[in-house]
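Engineer: Take this structure, written in structure tokens, and hold onto it; I'll ask about it next.
Just so it is clear, none of the values below were taken in a lab; they were calculated from the coordinates. Not measured: the values here are computed from a predicted model. Note: ideal-geometry Cβ built from the backbone for every residue, glycine included; neighbour counts use all protein chains shown.
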Amino acid sequence: MAKDKTPKLRTVNKSLPPFRLKEFPKEFPFKLAKELVYLLASKGKAILEGSEWEAVFARCIGAEWKPSNVGLDDVILGNTAWGAKTVKSVKPSTQKKVRLISGRNSPVYSYGDKIDTKADANVVGKSILDIWNERISAIREKFQNLRTVVLIKSNDLNEVVVFEFDTIRYDPELFAWEWNKNSNLVGIEKSTENKRFTWQPHGSQFTIIENVSAKSLIIRVKQPKALNKDAVLNALGLTNLGLLLFTKMSDTFSRKKRSEIMRLVKSSRNKSTELKLINFFRVNNIKGWRRNYKLFGKPDFTFPVAKSIIFVDGCFWHGHNCRNTQPKKNKDYWTKKLERNRIRDKKVTKYLTKNGWTVTRFWECELRNEEILLRRLKAKLQPTR
């Protein structure tokens with residue numbers, strides 16, 4: 001019998017990721033370079049961040065982009081999920097460390113505690129890491145592998161650096177915490193004495209400091225010429241689109257066709273507003289929401305456990321008086337149309353409330369004040385007893 005050997009087991013099957021950590025697919029850098037060139041040529045501005053970077057990364061590796069309410073698993077490919085971050089740098093290829101904003105870890109929301117900058121820093125720091133670790137554990141129940149991909153970008157997007165690392169839990173015993181002169185909490189790794197975390201009491205923003213991997217991709221592209229809008233429209237055969245729409249809107253659309261067009265316009269505007277609220281949920285670690293939940297009135301967001309529903313009402317479509325939203329033309333039509341919308345809103349709210357749901361309606365313009373928004377949401381999202 002052989003001694004000191006590890007036995008081979010038939011019942012153990014490792015779930016392999018789509019590609020090894022820090023070893024992107026061979027075609028990945030070329031696809032990303034093309035995305036950068038197209039973005040610069042079509043936008044005319046060097047802007048790539050947030051959800052757009054998530055979508056670009058997903059396309060480059062053939063994954064699915066699914067924005068989540070946690071913000072750490074927005075890109076999915078098989079058994080692996082990624083969170084995607086962007087960082088600006090004057091010279092990305094020389095960057096050694098990056099500061100990654102990693103959501104809001106709020107003891108107020110998670111534990112009901114009050115924030116006291118005179119409290120024991122190590123006690124508060126442990127609670128911050130416990131919240132982070134709980135977020136990671138919840139995601140790892142669904143995915144075998146969890147990673148973060150970082151894009152370090154120059155101001156003109158002509159140079160970028162891409163690297164990834166495992167998104168992990170942190171052992172609170174390995175870190176010491178202290179309050180700095182700005183009353184922010186700083187987490188220091190005991191073994192190296194390096195600063196690893198920052199937590200801001202105001203807003204509960206949690207920042208992780210990561211070393212840039214030695215196995216990073218450096219991609220450089222030449223600044224492309226901006227696409228000519230008229231030339232593009234002409235190539236698509238759409239040069240007279242504006243004139244055609246104007247002519248038809250003025251006199252020839254049937255009532256049914258007009259209704260279809262206006263629904264499309266409304267749907268597009270609602271989508272952008274809902275994406276803003278999704279991002280707000282993720283940043284503030286608000287969980288438990290569902291979209292497209294089958295209920296009367298088609299709520300924008302449903303929290304089944306809390307029995308709470310959220311509608312985000314467009315200021316124009318639902319008749320808010322925050323600004324001059326009344327059209328100057330066809331006034332009689334729009335007055336009646338908006339009044340019907342208001343009546344229907346009341347009917348939907350009454351029906352859902354009668355059936356045990358807590359209904360909250362936000363005006364589109366109210367999403368600008370995040371402090372008030374967060375306070376109202378907390379009050380409404382307490383689970384029913």
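Engineer: In the stretch 122-147, whose amide N lies under 20 Å from the spot 7 Å out along Cα-to-Cβ of K287? List them in ranges.
Structural biologist: Inside the label zone: 125-147.
Engineer: FRET efficiency for E173 and V37, Cβ-Cβ distance as r, R0 = 45 Å, nearest 0.05?
Structural biologist: That pair, E173 with V37, gives E of 0.40.
Engineer: Hey, another quick one. For K118 and N369, what is the calculated FRET efficiency with R₀ set at 41 Å and r taken between the beta-carbons, to the nearest 0.05?
Structural biologist: 0.90
Engineer: Right, here's the next one. If the chain between V108 and K181 were fully stretched, how many nm would it gain, using 0.36 nm times the residue separation less the Cα-Cα distance?
Structural biologist: Taking 0.36 nm per residue and subtracting the Cα distance, the gain is 24.1 nm.
Engineer: For the pair F19 and A235, what calculated FRET efficiency results from E = 1/(1 + (r/R0)^6), where r is the Cβ-Cβ distance and R0 = 35 Å, to the nearest 0.05?
Structural biologist: 0.45
Engineer: Which order do the peptides 290-296, 127-133 come out in when sorted by mean C-beta neighbours inside 10 angstrom, highest first?
Structural biologist: 127-133, 290-296
Engineer: Name the residues of the stretch 356-371 whose amide N is less than 17 Å from a point 7 angstrom out from the Cα of L295 along the C-beta direction?
Structural biologist: 356-363
Engineer: Can you tell me the length gained on complete extension of the stretch K331 to K142, counting 0.36 nm per residue apart and subtracting the Cα distance?
Structural biologist: Result for the pair: 62.8 nm of gain on full extension.
Engineer: Right, next: Kindly rank 81-90, 368-377, 139-148 from highest to lowest mean number of other beta carbons found within 10 Å of each residue.
Structural biologist: Ranking the peptides 81-90, 368-377, 139-148 by packing returns 81-90, 139-148, 368-377.
Engineer: Sort 199-206, 105-112 by the packing proxy (mean of other Cβ within 10 Å over each peptide's residues), most packed first.
Structural biologist: Going by the mean number of other Cβ atoms within 10 Å, highest first, we get 199-206, 105-112.
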